Amino acid sequence: MKQVQPKKKLGQHFLTDMSIAQRIADTVDVEPSLPVLEIGPGMGALTQFLIPKQRELKVVEIDRESIPYLHNAFPSLGQQIVEGDFLQMDLKELFGGRPFVLTGNYPYNISSQIFFKMLDYRDLIPCCTGMIQKEVAERLTSGPGTKAYGILSVLLQAWYDTEYLFTVSETVFNPPPKVKSAVIRFRRNQVTDLGCPEKLFKQVVKSTFNQRRKMLRVSLRPLLSQIDAQNGLSDEKKRHNSFLSRVELTKRPEQLSVADFVQLTNEIERECR
Ligand code: SAH
């Protein structure tokens, strides 16, 4: 069968080591009763090990060249092969509105966007597994006090328990990526309500980590002024001095857990009322 030519702009790095493909496919076994959606099957390295699990399965692939290849290689899949862009898909109707497991050897160039989309659909995706860049995997699975801990770590860990499963060398791909890879698994935690206003939580996380070496009292001041402006309050410099002088705000964002960020968000909400 004619092989699919790897295309850089689609983030295509095809797995050539089938024992690793099998191990990645097996990460979906923690949720054995749910349907599976695979992003970016390519030439089916993972797909071939997902099919024998006899679960409801759909694969979504953006590359037109892959589609006939997949139909040929896996005739039993038929309509379960969907040509399209995962980022543009409405996930609600995929499996008749039922929750599903997301998996894949993800296109690394859009992995953050994939996980932001997953967060938007978090109640439909109780489990997400698969392979991404090692450096991103470390960020998503690190906790407070580590260098890798950042915006996406907090936003993701607010809703998911994250696990770093194993590292994969660049030599098992065609073409080899420039970086190492890692396999991760995220499972939806018990949280149904964050316990603070979600929009403000995201603003607090983003604006503090965007100046990650600064003390919170420094990076929060512009955010507080911005909220005041939205509330029609004049920009009076001293307004938040006593709030910002609190000793906890000498910390840096990487020292705060998800729960700390929730608490801080509530305090900011009260301060700006
Ligand atoms: N699973 C295969 C291919 C991994 S490479 C393997 O392990 O060998 C990543 C795959 O994601 C490529 O096939 C690429 O075409 C596909 N892809 C890239 N962007 C996509 C998108 N937005 N939606 C769906 N698939 C995408």
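The values are calculated or read from the model by the stated rules, or taken from the named source; none is laboratory data. Computed from a predicted model, the values in this text were never measured in an experiment. Here the Cβ positions follow ideal geometry from the backbone for every residue, glycine too, while neighbour counts run over all protein chains shown. These area figures cover heavy atoms from the full protein model, side chains too; ligands, DNA and RNA do not enter into them. Shrake-Rupley method; radii C 1.70, N 1.55, O 1.52, S 1.80 Å.
Things worth noting here:
- Test: residue in segment 120-131 that is more than 18 Å from ARG185 (Cβ to Cβ), within 13 Å of the ligand (Cβ to nearest atom) and within 11 Å of the chain's Cα centre (by Cα): no
Residue by residue, here is whether (1) within 13 Å of the ligand (Cβ to nearest atom); (2) surrounded by fewer than 20 Cβ atoms within 10 Å (Cβ to Cβ); (3) modelled with pLDDT of 95 or more holds:
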residue	(1), (2), (3)
MET1	no, yes, no
GLN5	yes, yes, no
GLY11	yes, yes, no
ALA25	yes, no, yes
LEU34	no, yes, yes
GLY40	yes, no, yes
GLY44	yes, no, yes
PRO52	no, yes, yes
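- Within segment 189-235, considering residues that are touching an Asp or Glu at 6+ places or on another chain (Cβ under 8 Å) and charged (D, E, K, R), the one nearest to VAL101 (Cα to Cα): ARG212
- Neighbours by Cβ (under 6 Å, 6+ apart or cross-chain): first from segment 81-95, among the aliphatic types (A, V, I, L, M) and open to solvent by less than 90 Å² (accessible area, probe 1.4 Å); second modelled with pLDDT of 95 or more and not in a strand (DSSP E or B): ILE81/LEU70; LEU87/GLN113; LEU91/TYR121; LEU91/LEU124
- Qualifying residue in segment 159-182 (condition: assigned to a helix (DSSP H, G or I), open to solvent by 40 Å² or more (accessible area, probe 1.4 Å), touching a helix residue (DSSP H, G or I) at 6+ places or on another chain (Cβ under 8 Å) and within 21 Å of LEU256 (Cα to Cα)): no
- Only listed residue being surrounded by 14 or more Cβ atoms within 10 Å (Cβ to Cβ) and either in the same structural domain as ILE20 (by TED's automatic domain parsing) or within 25 Å of the chain's Cα centre (by Cα) (or both), chosen from LEU155, LEU244: LEU155
- Filtering segment 208-226 to residues that are assigned to a loop (DSSP other than H, G, I, E, B) and not polar (S, T, N, Q) leaves ARG212, ARG213, LYS214, MET215.
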